[in-house]
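Engineer: Have a look at this one before I ask anything.
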Amino acid sequence: MNLKGRNFITLKDFTPEEIGYLLDLSADLKAKKKKGITGNSLNGKNIALIFEKPSTRTRCSFVVAAVDEGAHPEYLGKDDIQLGHKESVEDTARVLGRVFDGIEFRGFKHKTVEDLAKYAGVPVWNGLTDEYHPTQILADLLTMKEHFGYLKGLRFVYAGDGRNNMANSLMIGMSKMGVHFTILAPECLWPNKELVDLCKDYAKESGSTITLTEDVEAVKDADTIYTDVWCSMGEEDKAAERIALLKPYQVNKELMEKTGKDTTIFMHCLPAVKGNEVTEDVFESAVSVVFDEAENRMHTIKAVMVATLGE
Ligand code: CP
Ligand code: NVA
């Protein structure tokens with residue numbers, strides 16, 4: 001499998017085989033790191049990390065993964081560069097592309113990461129935009145594969161804001177990898193129809209299904225219940241409205257019990273607002289794998305950089 005020179009903007013651009021390859025590479029790099037073995041596949045490379053929005057996991061994962069493989073990461077926060085203000089995205093991309101070997105972008109408009117990829121001439125990796133968060137999905141898939149031993153045929157329910165970057169990206173990733181995917185949310189927070197239709201095509205190919213529902217009974221038989229914050233970064237002013245809409249979809253003990261299984265796991269990309277989208281008891285319970293997901297961010301981000309930029 002050769003992914004050299006590729007951008008990582010959304011999982012729409014990757015086949016199930018390519019996603020499977022990135023997961024296998026992540027598992028391999030993780031096993032090596034546990035034995036104290038790090039690589040040198042990014043030796044001499046310089047990596048720009050652009051962050052318009054804050055981050056704990058994504059930033060730290062890119063930094064540690066880059067250093068583990070011999071690269072130098074450079075953090076460029078929102079007040080450090082003029083991106084889109086005094087200097088256009090197109091010009092910034094062309095400058096950074098001359099200086100760096102790879103560029104990570106986290107920020108607001110999805111178009112910004114697309115434009116960086118268009119003009120930089122080096123691999124660009126999406127560390128989250130308003131619409132998509134693809135590196136998180138690799139970590140989530142790896143976590144599920146580690147936990148269950150397989151992906152195809154698993155039943156996955158996402159409860160909460162069904163039209164945010166996580167819901168969109170999970171729907172793409174799960175449908176491509178043959179995981180049955182349900183959005184459990186009020187209809188006004190369902191993902192856009194165009195993306196749902198696209199993912200229905202992926203699901204058809206992989207033998208899975210996509211369901212959109214307002215009915216909490218849909219969690220029956222779920223292997224995974226996933227949630228995310230009710231207000232994503234940049235939407236803080238919507239708090240009251242979202243709490244009113246999403247309270248019935250909180251992941252609590254009662255919802256977990258509705259699966260009818262004692263093997264269902266709880267997942268969350270973090271950071272979490274406990275008491276809103278998830279209760280403290282579920283978050284802290286034995287079925288919660290949230291810190292495995294968080295750790296797997298590093299191993300999967302490393303795999304993305306090694307696959308697209310490594311020697
Ligand atoms: N899950 C995730 O992307 O976390 P950060 O916002 O801390 O990077
Ligand atoms: N939907 C969340 C994800 C954070 C990792 C946000 O965009 O804030």
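Engineer: Residues being charged (D, E, K, R), touching a helix residue (DSSP H, G or I) at 6+ places or on another chain (Cβ under 9 Å) and either within 16 Å of ligand 2 (Cβ to nearest atom) or outside any loop (DSSP other than H, G, I, E, B) (or both): count how many of those fall in segment 205-253.
Structural biologist: Selection size over segment 205-253: 5.
Engineer: Something else: Considering only segment 233-250, state which residues are crowded, with 19+ Cβ neighbours inside 10 Å and over 30 Å from residue 153 (Cβ atoms).
Structural biologist: Answer for segment 233-250, where residues must be crowded, with 19+ Cβ neighbours inside 10 Å and over 30 Å from residue 153 (Cβ atoms): just 242.
Engineer: Sticking with this structure for a sec: Just give me the residues in segment 34-61 being over 12 Å from residue 100 (Cβ atoms) and charged (D, E, K, R), in sequence order.
Structural biologist: Of everything in segment 34-61, those that are over 12 Å from residue 100 (Cβ atoms) and charged (D, E, K, R) turn out to be 34, 35, 52, 53, 57, 59.
Engineer: Right, here's the next one. Would you check if residue 178 is within 13 Å of ligand 2 (Cβ to nearest atom) and more than 16 Å from the chain's Cα centre (by Cα)?
Structural biologist: Taking the combined requirement at face value, the residue does not satisfy it.
Engineer: Taking segment 82-110, which residues are modelled with pLDDT of 95 or more and under 21 Å from residue 54 (Cβ atoms)?
Structural biologist: 89, 92, 96, 103, 104, 105, 106, 107, 108, 109, 110
Engineer: What residue, among those in segment 117-140 that are more than 16 Å from ligand 1 (Cβ to nearest atom) and either within 22 Å of residue 299 (Cα to Cα) or touching a residue at least 40 places away in the same chain (Cβ under 8 Å) (or both), is surrounded by the most Cβ atoms within 10 Å (Cβ to Cβ)?
Structural biologist: Checking each candidate, the answer is 124.
Engineer: Can you tell me which of 133, 147 is under 14 Å from the mean Cα position of the chain (by Cα) and either within 30 Å of residue 261 (Cα to Cα) or within 16 Å of ligand 2 (Cβ to nearest atom) (or both)?
Structural biologist: The unique qualifying residue is 133.
Engineer: While we're here: I'd like the full set of residues that are in contact with a Pro (Cβ under 8 Å, 6 or more places away or on another chain) and not in a helix (DSSP H, G or I), limited to segment 110-168.
Structural biologist: Result: 126, 162, 163.
Engineer: Which count do you get for residues in segment 262-293 that are touching an Asp or Glu at 6+ places or on another chain (Cβ under 9 Å), touching a residue at least 24 places away in the same chain (Cβ under 8 Å) and not in a helix (DSSP H, G or I)?
Structural biologist: Number of matching residues: 11.
Engineer: Report, by residue number, each residue of segment 79-115 that is out of contact with any Leu (no Cβ under 9 Å at 6 or more places or on another chain) and of a type in the set (Gly, Ala, Ser).
Structural biologist: Hits for segment 79-115 are 84, 88.
Engineer: Residues to consider are 20, 97, 36; find the one that is outside any helix (DSSP H, G or I) and either out of contact with any Asp or Glu (no Cβ under 7 Å at 6 or more places or on another chain) or crowded, with 21+ Cβ neighbours inside 10 Å (or both).
Structural biologist: Only one candidate passes the filter, namely 36.
Engineer: Please work out which one of (1) within 16 Å of ligand 2 (Cβ to nearest atom); (2) touching a Gly at 6+ places or on another chain (Cβ under 6 Å) is the condition residue 270 fails and give its number.
Structural biologist: So the condition that residue 270 fails would be (2).
The values are calculated or read from the model by the stated rules, or taken from the named source; none is laboratory data. Note that the structure is a prediction, hence the values are computed from the model and not measured. Note that each Cβ is placed from the backbone with ideal geometry, even for glycine, and that neighbours are counted across all protein chains shown.
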